[in-house]
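One structure is given below, encoded as structure tokens.
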Amino acid sequence: MPGPDVLREAERQLTVCNACRYCEGYCAVFPAMELRRAFGTGDIVYLANLCHDCRACYYACMYAPPHEFAVNIPQVLSDVRRQSYEQYTWPAALSRLFASIPLAAAVAAGAVAAVAGLALLLAGPGRLFAVHEGPGAFYRVIPYAAMLVPGLAAACYVVAVWGAGAARFWRETGDAMRAPVTPWGVLRALWDALALRYLRGGGPGCPYPRERPSHARGVLHGLVFYGFLSALASTTLAAVYQDLLGRLPPYPLTSAPVVLGGVGGLAMIAGTAGLIVAKGGSDRAPAGAGAAGADYAFLVTIGLAALTGMLTLALRATQAMGAMLTIHLGVVAALFVTAPYGKFVHAVYRLLALLRSRLEQEASLREDR
Ligand code: SF4
Ligand code: SF4
């Protein structure tokens, strides 16, 4: 649970905002806040995960520091959000990875080293650095079963930890309207998430990395998000080609899995690089304590996964393919291992917060009629 100090501070600032209400057009946080008279722990955690850290309310606020009210909503909600990630993950001992970037880096490096060790064990230096061509070329470096079994086990683990966290988040966050889950509410929340609706800062874009609004953050976030979905579609399609159609990789450059993977990979590289540069030049005043480290760790890992994937594609007909494939699989393993204990979890809680927001809005409209 977020610490009492940060909860008290969030409650104080939200109470000021609830009286002021100047920022209600910027995002979903303020309309959700206005449905509440008081802010319990669950309400605050919910509102924190609804916040997209666009910072529009900070730059618009007449009560921001140095005013004595010292309202800094993006900062305090970022602090709550980070602590809520630690609260909802499992096992609790591993929640330290959120706060310790060196520890997270060591775990990620361990995953890369484990995959490299496995490749050396299974293929040996001879096959690892040889040219492999034709159907099944990748599996002559690392056999299919050695990729599939650990990959599936890691994916199941991630889904289980995320699922347990999601169930706790849903149970413990406040619902001001006691709103039932409706199919329309679910569809609208999914659309809000897919369209990255609240990364538009209420219309003119987010005032990020500095005070001037721009759509840069929304575009860069979109490149990472849609690039990831495209890469996911590529992997799924490759599984269909292989397991249903009996066609082993590597596939031609013009095939759907390669086109989707290539487009997704390039988008993720551009998006993560742009977000890293933007974060480096961003205003630290509205930033939460310790948030930047987790953001950088996530961006670097996902960017490296995309970069090594693209290099594997580019070098697949050369002697370097085996080593590149091994590094790529190691980085992907690191992404999986750290997924429940890093910034990746924001996707789960933000989606649930968007769903609660939509359901509350529907219930509020029904009540007004
Ligand atoms: S952030 Fe400032 S201006 Fe915006 S609603 Fe809160 S107190 Fe008012
Ligand atoms: S930082 Fe942006 S998303 Fe977060 S509460 Fe302020 S306006 Fe809303």
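Tabulated results
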{"read-out": "Cα pair count fraction exceeding 18 Å, expressed as % - the stretch 134-178", "value": "56 percent"}
{"read-out": "Most to least accessible of Leu14, Leu118 (protein chains only, probe 1.4 Å)", "value": "Leu118, Leu14"}
{"read-out": "Where no second cysteine Cβ lies under 4.7 Å, the cysteines concerned in the chain", "value": "Cys17, Cys20, Cys27, Cys51, Cys61, Cys156"}
{"read-out": "Folded to 0 to 90 degrees: helix 321-338 orientation relative to the chain principal axis, Cα", "value": "30 degrees"}
{"read-out": "Taking the chain and dividing mean pair separation by its residue count, relative contact order in percent (alpha carbons under 8 Å, at least six apart)", "value": "27 percent"}
{"read-out": "Residues with amide H under 5 Å from that of Ser214, placed H, sequence gap 5 or more", "value": "Cys206, Tyr208"}
{"read-out": "Between helix 256-280 and the chain: long-axis angle, C-alpha atoms, 0 to 90°, nearest 10", "value": "50 degrees"}
{"read-out": "His346 accessible area, assembled protein chains, probe 1.4 Å, Å²", "value": "30 Å²"}
{"read-out": "Computed [θ] at 222 nm, deg cm²/dmol, the chain (DSSP H ≥ 4; -39,500 (n - 2.57); rounded to nearest 500)", "value": "-22000 deg cm²/dmol"}
{"read-out": "Heavy-atom SASA rank of Glu211, Glu24 (probe 1.4 Å, accessible area, largest first)", "value": "Glu211, Glu24"}
{"read-out": "Gain upon complete extension [Thr235, Ala320; 0.36 nm per residue less C-alpha separation]", "value": "28.4 nm"}
{"read-out": "Kirkwood hydrodynamic radius over Cα pairs of the chain, then Stokes diffusion coefficient at 10 °C and 1.306 mPa s, in µm²/s", "value": "72 µm²/s"}
{"read-out": "Met147 - accessible surface, heavy atoms, 1.4 Å probe, Å² rounded to 10", "value": "50 Å²"}
{"read-out": "Surface accessible to a 1.4 Å probe, Phe225 within the full protein complex, Å²", "value": "60 Å²"}
{"read-out": "Heavy-atom SASA rank of Leu299, Leu304, Leu121 (probe 1.4 Å, accessible area, largest first)", "value": "Leu121, Leu304, Leu299"}
{"read-out": "Degrees between helix 73-88 axis and first principal axis of the chain (Cα, 0 to 90, nearest 10)", "value": "50 degrees"}
{"read-out": "Whole-Hz couplings from phi, Karplus 6.51/-1.76/1.60, listed for the stretch 281-289; x for Gly and Pro", "value": "x, 7, 5, 7, 4, x, 8, x, 5"}
{"read-out": "The stretch 18-159: proportion of alpha-carbon pairs further apart than 26 angstrom, %", "value": "52 percent"}
{"read-out": "Using a Förster distance of 56 Å, the FRET efficiency for Leu187-Leu121 (Cβ separation, nearest 0.05)", "value": "0.70"}
{"read-out": "In Hz, Karplus ³J(HN,Hα) per residue of the stretch 9-20 (6.51, -1.76, 1.60; θ = phi - 60°; x = Gly, Pro)", "value": "5, 4, 4, 4, 5, 5, 5, 4, 4, 5, 7, 7"}
{"read-out": "Expected-Rg normalisation [2.2 N^0.38 Å, Cα atoms] applied to the stretch 4-89", "value": "0.99"}
{"read-out": "Computed lengthening from Glu133 to Arg168, 0.36 nm per intervening residue step minus Cα-Cα distance", "value": "7.8 nm"}
{"read-out": "Hz values of 3J(HN,Hα) by residue in the stretch 124-140 - Karplus curve (6.51, -1.76, 1.60), Gly and Pro given as x", "value": "x, x, x, 7, 5, 10, 9, 7, 10, 9, x, x, x, 4, 5, 6, 7"}
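The values are calculated or read from the model by the stated rules, or taken from the named source; none is laboratory data. If you're wondering where the values come from, they're calculated on a predicted model, not measured in any experiment. Because the Cβ atoms are built from the backbone with ideal geometry, glycine has one as well, and the counts that use them run over all protein chains shown. All accessible areas refer to the heavy atoms of the entire protein, side chains included, with ligands and DNA or RNA removed. Shrake-Rupley method; radii C 1.70, N 1.55, O 1.52, S 1.80 Å.
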